[in-house]
Amino acid sequence: MGREKEQPASAPRPEAEVPRILNECQHSMATHPRAIKKLVKCRAVDPEEFLRTWLRCFERLFLVSGREPVVERMLKFAASFTAYWDEAFQDDCEIFVENFLGVLLKWVDASHKVVRFRACQVISEVIIELPEDVPVADDLWDRIISSMLRRMQDKMTSVRVFAARALSRLVTADDIDNDKTVLAYRQALKSDQRAEVRKMVVLSMPAMNATVADVVEQTADVSEVVRKSTYTVLATKFRLQSLSIMQRALILRRGLAERVPGVRAVCVEMLKSVWLEKDCNGDIVTLLRYLDVETHEKVGESVMLELLRQGLDIKTSCIGGLRQFLPSENGTGEERSSYKLLDAEQALYWRMLCTHIHSEAEAKGSDAATTGGAEAVVKAAAAADSNDYLEEVLPATVADYVRLVEAHMRGGPNFRFAARQLLLISKFMNFTDNTSRREAAALLQNLLNELKSTELDRSVEDVVGDGLSLGGDELWAISVAELAHYVHAAPGEFAQVLAASLADHSRPCREGGADVLQWLHCLAIAGLLFENIDSLRELDRLAIEPQEIYESLLLPSVKHLHPEVQRAGVRCLGIFCCLERTPSSRGVEQLVLCLSLCNRVYVQEMAFKALFDLILCHGPTALDLARGIGPESHRQPGLHVSHLFCSTADRHVGEHNIISGIPILESLAGSFDPEYSMGKAQALQPRTAVAAEGFAKVLLQCQHLPEIRLMQDSVLEKLICLYFSVTTENCPRLRQCLNVFFRAFCSQSAKNKRAISKIFIPIMRKEWPGICGNREKAGTVLAARKHAAEIGRYMLLLLQLPIMIKDPQSMAKTSDGASLIQSQDEAVNEGHEELALRICSEVISLRQRKSMAGRTYIATLCRYCTLLEYRACQQEEITCLYLLLPTVMESLSPGEKVLLKELKDLRVLLKTVSTSPEKSLTDDEMRKIMDRVGIPKYGEESECPEVDETPVKPPKTAGRRRTSNVSQNTTLMQTPAPPSTRTLRKRPESRLSKAQGANNQSKTTVLRKNLDSLYESDDSENASVTASSSGSEYDVCGQSRGKTGQKTRVPPGASGRRPQASDTSDVAQNDIPGGPSSIQEDSPEEGNTGEVDEGDEGEDQAAPLPAGRGRRSNSAEVLRMSNGDTGRLSSTRDKATRSVPRADAHRHGKKAGTSQRNTRRTSTSGIERKPSTLNSSFESDDDSSDFEPLPPRRRMSSAR
């Protein structure tokens, strides 16, 4: 078993044999098996020398970053040789595995990113290829696991990928929930932003019950590569029986609805080849039983249609048909009279099979009618075959079909689903003869007369069914309506039959004595009738007329004591009013009064839905006129009436008179006010969600409903705040509705985009903590700022959406195509200039600009300005914005260096866009532009209440504090405001005379050359220096540096250091010495390092990943947010400053920087760099065999 002790004297030495064999293996993988056997024998000669030669040969490969075929082939060979196990040399194999993996584990923590990448790659290949019975020390496995877990947090994508692959076989099955590898996999699936890493984690995840939920969740990943790999893993690693019913339905629902053809093809292949053929033995009904089609009916329908499209044999599937469930004619006794009942899966199977055959017959028949010749004959024959198959499946007569349905109805609630599926098959039956119609009409009357037993004597929560539809189920009511339409297909016959049934069932309700069950059944028939007619005229001269229904059924039901009867009555009354030509006053008044029923939430919710439907059908003006409210009675926009809906004991008197005098839109707008509806419970009210959906529908029809324009801004503001509110996290329907609405609203017209631009500043004021009355809560300030910044980014995304073209004919009539494209591009960027002007006005007029909240608020708004697009057609707005930018830059904190540079670039861009760069604007012209944009209070400070800052404990000072009189002389040292700021702020005291000041006020012009001289010149000799909070970067940079002993005022806390920018950098610094030069060099060739990983920039360090979500990414451009650190130059608490000689400080700083650079050059000058590409030969030029394994690297800051 051990290796051979005696070796022949002519055995080749490792230092000569290893390079030669490796050179042969570079060209083809066909030589690898033979080379591995030669290297095993060579290793037996001298294992230690073999390891040194092996490492010296492969060391240079670990510096090649490109995925070159030769390098990949050799690293694959190294892993195959390491994992090779020979029984004759078992001891040598075990020692070599431990030694080689030990060296690789040292290289894994190297500072060179390419070395880390190659080391993780080889380790993963070795672990994957190692046999299961290889005896490896437990200490080595523990070291590998801990090292790969650290590399799972590496900044390089390729390193994380191979680290995840290496951990795939190192999972502890005893305690899977607490296993470190599984926990690292779950964290990567949640937070890693790279699709390659998530794909490798999904492929490496162990197939266990504890991990199946994590794999299934990745079917909703944003990357199609990850989704495709997820379906592959589900097909190969997990059996159908190991998944829950919910997981099976979720997988198929997402996979069959996939938009990417490649991902959908993988899901279909999994469904057909694995789940159906392998797990269900080709039986479709068995597969449907695994899906629970009663709960997931839509999923069952999708599965059946997909399997039928995949070439299922129709002829074989139609054997037996529904006739096998009828009584047997050849049987005796009970077999001649008993019906075999279908279960849910069988009923769905036969319905979908009939639907597919019928649609296929219609398609082939229409194709045969549109073609001619032999092709038409072939298609007609195919259509005839499909019709024959359908006849084989369906019962022979309508009487047999009716008896089969009645048998399932008598079977009880367990066969109600099968009965509904049979009712939907009625569309394929033939009801042309009178006998068939008579049989089907009798079945329909039985369905209409059926009362579903429900307990309605407790509360709303105890109701079984929805309480609105026929039979307590909306789908059941739809199937009954379809049967009625097919049986009574003559014009007016459907309404006649249902009106007669309604008149019969409403007699106890009209005469009195009807119980709750009779009321609900009568209202269900009425609702079914109203939903299937187009006008109330169809009910004239029938068994019961519209006026009788209205007076004796609908109005009494709205006033019923039972909440379920009242809710059903409100629903029927709303549909009845929509069918009217003009809404009746009593009906609308009753619906409005139902809004005040706060103790009956579901009735109130139904009233909201009915009123919004009436607004969309008749318009708000028609509803107000029906209530006796004229156009002059409308209130001013923005008023809220949410207090009217408080159900307090002292407010019920006169409530009818108050609500009756409010226009309908204002009554509905006050219902979803966030301050009222959320309250202290932090739970979203149902009526708030209904009102939000209703106003979203109304705003989309704002072109046809001009009344909504009066309150459009306030409603949009509430909808956006509601969309980002914490209370709507558990309301996916509302958020999905609002998301679709905002995109459709902004893509509808340019006017809607301007509306979003108009509410931008009010929303930011309302959401930003610390300004305009918003209190700052300790511990949540940063989260609140990020939340407000997210809202701003979303609104910017809405402004960048394209405008939908609704009139293609107008495009065809346009002769100049280039002008049309240009106009469409301009419409896309509609509202950007107006938003920039509003931001500038907000920054200039903000009072709290000196506070921390104000500084971060201003910086965020200015970043939004740099992301906007500016059009050349808006010359007046461009000129005004160009003149306002210098004053805006003054309001920024001096630490915002990057933002100041971006604003300078923006000003240069505006100068190039402007057609008249030297044009100046007077005060009146600028005010006219602002008034046109919608900023009436231009030049005035915002009327926001002052808010106390978050209390901060003052720092301890050593010694006595020196009293400074700098604050007393502040007025003498302030820099005079530039000409452009005189129209933006309150005018400071001027040294000119009153007459000269009045003359300057009347002839004030802002010249570009003056602005350039003030803000773009860095060598001005007379620029004054100020430390006030309103100063800017230019005040510090424009100081005179001529004299050495000149003293300069430095702001508090600066101490001569460079101000820090607000945005943070993810690049970490690492200067770890040690290790050989071939592995520790920090920067190989530039062309190779970029090939390791796309998007990895910065230093060559193993820094940890920044926290973030990996599954979903925002399409909007990520803005750099200020987390409160606006630099060290701003201080509002201490006005005293310390004067230091600027020239001396500059000189000492220069010397220190020079000496530091000289030291760095000295330390790196002696490094000898090795080539980073693969040489043509592995032989070394030097004959020195003194090779030592690489010593362990010092851990980096990321690994601590």
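Some observations on this one:
- Percentage relative contact order, region 68-206, counting C-alpha pairs under 8 Å, at least six apart: 21
- In region 90-181 the Cα-Cα distances spread across 5 Å bins starting at 0 as 2, 14, 25, 25, 17, 11, 4, 0 percent of all pairs.
- With contacts taken as Cα pairs under 8 Å at a separation of at least 6 residues, region 186-292 carries a relative contact order of 22 percent.
- Tensor-based shape of region 844-892 (alpha-carbon gyration tensor, a/c under 1.5 rounded, otherwise prolate or oblate): prolate
- Using a Förster distance of 35 Å, the FRET efficiency for Val726-Asp931 (Cβ separation, nearest 0.05): 0.40
- Candidates per GluC sites (Glu not before Pro) in region 116-160, loop by DSSP, up to 16 other Cβ within 10 Å: Glu132
- Shape summary: region 166-218 maps onto an equivalent ellipsoid whose semi-axes, from the alpha-carbon gyration tensor, are 17, 11, 10 Å in decreasing order.
- Accessible area in the full protein assembly, largest first, 1.4 Å probe, for His787, His521: His787, His521
- Positive minus negative residues near Ala383 (Lys, Arg vs Asp, Glu; Cβ under 9 Å): -2
- Residues Tyr550, Tyr602, sorted by accessible area with the largest first, give Tyr602, Tyr550 [1.4 Å probe; ligands and nucleic acids excluded].
- Highest average packing first - 830-840, 470-480, 29-39, Cβ atoms within 10 Å: 830-840, 470-480, 29-39
- Full-extension gain in nm, Asn532 to Arg67, via 0.36 nm per residue minus C-alpha separation: 160.8 nm
- Only Cα sites of region 235-282 enter the Debye sum here, all with the same form factor; the resulting log10 I(q)/I(0) across q = 0.26, 0.28, 0.30 1/Å is -1.03, -1.13, -1.20, listed in q order.
- Taking only the C-alpha atoms of region 480-598, Rg followed by Dmax gives 14.0, 45 Å.
- For region 172-251, the gyration tensor built on C-alpha atoms gives an oblate shape. Its axis ratio a/c (a ≥ b ≥ c) is at least 1.5, and a/b is not larger than b/c.
- With a simple spin-label model that places each label point 7 Å from the Cα along the Cα-to-Cβ direction, the separation between Arg709 and Leu593 comes to 3.6 nm.
- Accessible surface of Lys315 - all protein chains present, 1.4 Å probe, nearest 10 Å²: 130
- Two-site FRET efficiency, Asp613 against Thr432, from Cβ-Cβ distance with R₀ of 41 Å, rounded to 0.05: 0.60
- Per DSSP, loop trypsin sites (Lys or Arg not before Pro) in region 503-597 with at most 16 further Cβ within 10 Å: Arg541, Lys559, Arg581
- For the residue pairs Lys298/Lys753; Lys199/Lys786; Lys272/Lys298; Lys753/Lys777; Lys76/Lys199; Lys751/Lys919, the C-alpha atoms sit more than 27 angstrom apart in Lys298/Lys753; Lys199/Lys786; Lys753/Lys777; Lys751/Lys919.
- Taking Lys928, Lys758 and ordering them by how much accessible surface each has at a 1.4 Å probe, largest first, produces Lys928, Lys758.
- Val601 exposes around 50 Å² of accessible area when a 1.4 Å probe is run over every protein chain in place.
- Computed over region 485-625: relative contact order in percent, which uses C-alpha pairs under 8 Å that are six or more apart: 20
- Average accessible surface area per residue within region 57-163, 1.4 Å rolling probe, Å²: 29
- Charge tally in the Cβ shell below 15 Å around Ala490, where Lys, Arg are +1 and Asp, Glu are -1, Ala490 excluded: -1
- Rounded if a/c under 1.5, otherwise prolate or oblate - region 1-155, Cα gyration tensor axes: oblate
- Area of Cys594 that stays accessible when all protein chains are in place (1.4 Å probe, Å², to 10): 10
The values are calculated or read from the model by the stated rules, or taken from the named source; none is laboratory data. The model shown is predicted, which means the values in this text are computed figures rather than measured ones. Because the Cβ atoms are built from the backbone with ideal geometry, glycine has one as well, and the counts that use them run over all protein chains shown. For the accessible areas, the whole protein counts, side chains as well, though only heavy atoms, and no ligand, DNA or RNA atoms are used. Shrake-Rupley method; radii C 1.70, N 1.55, O 1.52, S 1.80 Å.
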